């Protein structure tokens, strides 16, 4: 082993973990959370409520939310364009 190298069995989580973590809360705006995750290259921020981790937010969670929102918007726009929109 060369000087300055650690043996694999001597590397601890504390040596490689991210120390300045970003957390989300259940009340955070999803678009804000998405922007911060992209800006800071974070894939899975913990969701914290009352000082306890209650979940982990994933990119997949955000994509599902966005797709669902966009599908509903597309549906309403198609109805509006074809004069089926109520009102």
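If you line up the long axis of helix 59-81 against the longest principal axis of the chain, both from Cα atoms, how many degrees apart are they, to the nearest 10?
10 degrees
Could you estimate the translational diffusion coefficient of the chain from the Stokes-Einstein equation, with Rh from the Kirkwood formula over C-alpha pairs, at 25 °C and 0.890 mPa s, in whole µm²/s?
So the translational diffusion coefficient is about 147 µm²/s.
Taken together, the values in this text are just the output of simple stated rules run on the coordinates, not laboratory data. No experiment lies behind these values; they were computed from the predicted model shown.
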